[in-house]
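Q: A single structure is presented below for examination.
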Amino acid sequence: GNSVTQMEGPVTLSEEAFLTINCTYTATGYPSLFWYVQYPGEGLQLLLKATKADDKGSNKGFEATYRKETTSFHLEKGSVQVSDSAVYFCALSHGSSNTGKLIFGQGTTLQVKP
Amino acid sequence: GAVVSQHPSRVICKSGTSVKIECRSLDFQATTMFWYRQFPKQSLMLMATSNEGSKATYEQGVEKDKFLINHASLTLSTLTVTSAHPEDSSFYICSARDPDSLYGYTFGSGTRLTVV
């Protein structure tokens, strides 16, 4: 079945460090891929997405490229800030219109220290 | 963008009682909503897909008589945790497809349920 695997956390970085959070997936066909961010005590916010191979999603300095050959969607940011501290979820979706459901990875906690 | 409002944000209830959580789509109609459960420091587990005007579709292992889902209108889905027990304590989150984005989902802010 479909699944998403993320690198285990927590990831602890100093401010302005480079961030990579690995994400790989297993799915048939061509799923859509997402990164969501969850701040403490809150719901999820969409960070970025990619809907087909070689697409690059980007937002707020974060980037991820849909790599079908390696079934990966790694999240990167060149210079993290303390405010980026949160839990990051990689997810995939199959299906169209309102029927597709999201399958999440286990989440990776990022802690950025000043 | 599309907003999903979830209420309450926190609730504490006694064992054996029932708790209702509401999820409303603001300014858009959601024929389908999704209910997730999140354990501490863990990922989101899809519990069920709520379909307006019909029965919810539950994921394997989720007790439908325990977690009652009602989607009576195009803007409201409710999750009722019946006869709650401490092991039901968790973070519950709803979501809906974002009408402004072909592939996007918008999430509620979640409900922290504590059963004592």
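Q: Just to confirm my understanding: which cysteines in chain B have no other cysteine beta carbon less than 4.7 Å from their beta carbon?
A: Among the cysteines of chain B, those whose Cβ sits 4.7 Å or more from every other are B:C13.
Q: Would you mind estimating how fast the range A:31-114 diffuses translationally, via Stokes-Einstein at 10 °C and 1.306 mPa s with the Kirkwood radius over Cα pairs, in µm²/s? Before the final figure, lay out each step's value.
A: Working: Rh = 13.4 Å.
Translational diffusion coefficient: 118 µm²/s.
Q: Provide the FRET efficiency to the nearest 0.05 for the B:F39-B:L74 pair, computing r from the beta carbons and using R0 = 25 Å.
A: My answer for the efficiency is 0.20.
Q: Size of the dipole of chain A about the Cα centre, Lys and Arg at +1 and Asp and Glu at -1 on the beta carbon, nothing else charged, in debye to 20?
A: Dipole magnitude for chain A comes out near 300 debye.
Q: On to the next question. Relative to the Cα centre, what is the charge dipole magnitude of the range B:25-116, using +1 at the beta carbon of each Lys and Arg, -1 at the beta carbon of each Asp and Glu, and rounding to the nearest 20 debye?
A: Using Cβ point charges on Lys, Arg, Asp and Glu, the range B:25-116 gives about 160 debye.
Q: Using only the alpha carbons of the protein assembly as shown, what is the convex hull's orientation-averaged projected area in square nanometres?
A: Averaged projected hull area, Cα only: 12.3 nm².
Q: Given charges of +1 on the Cβ of Lys and Arg and -1 on the Cβ of Asp and Glu, with all other atoms neutral, how large is the dipole of the protein assembly as shown about its Cα centre, in debye to the nearest 20?
A: With Lys and Arg at +1 and Asp and Glu at -1, about 360 debye.
Q: I want the antiparallel fraction of DSSP beta bridges within the protein assembly as shown, as a percent rounded to 5. Provide the component values of the computation, followed by the final result.
A: Working: 72 of 80 bridges.
Here the antiparallel bridges make up roughly 90 percent for the protein assembly as shown.
Q: Consider all pairwise Cα distances in the range A:1-68 and report the whole-number % of them above 15 Å. Walk me through the intermediate numbers first.
A: Numbers: 1403 of 2278 pairs.
When all Cα pairs of the range A:1-68 are counted, 62 percent exceed 15 Å.
Q: Let me ask another. Full-extension gain between A:A53 and A:Q81, please, as 0.36 nm times their residue separation minus the C-alpha to C-alpha distance.
A: 7.2 nm
Q: Modelling each spin label as a point 7 Å along the Cα-to-Cβ direction, I'd like the A:F18/B:T57 distance in nm, to one decimal.
A: Between A:F18 and B:T57, the label points sit 4.3 nm apart.
Q: Points 7 angstrom from Cα along the Cβ direction at B:S9 and B:T114: gap in nanometres?
A: Label at B:S9, label at B:T114, 1.5 nm between them.
Q: Averaged across the residues of A:40-48, what count of C-beta atoms belonging to other chains lies within 10 Å of each residue's C-beta?
A: Values: counts 0, 6, 7, 16, 11, 3, 8, 0, 0.
Rounded to a whole number, the mean comes out at 6.
Bear in mind that the values in this text are calculations on the coordinates, not laboratory data. From a predicted model like this one, the values you see are computed outputs, not experimental measurements. Glycine also receives a Cβ, built like all others from the backbone with ideal geometry; neighbour counts cover every protein chain displayed.
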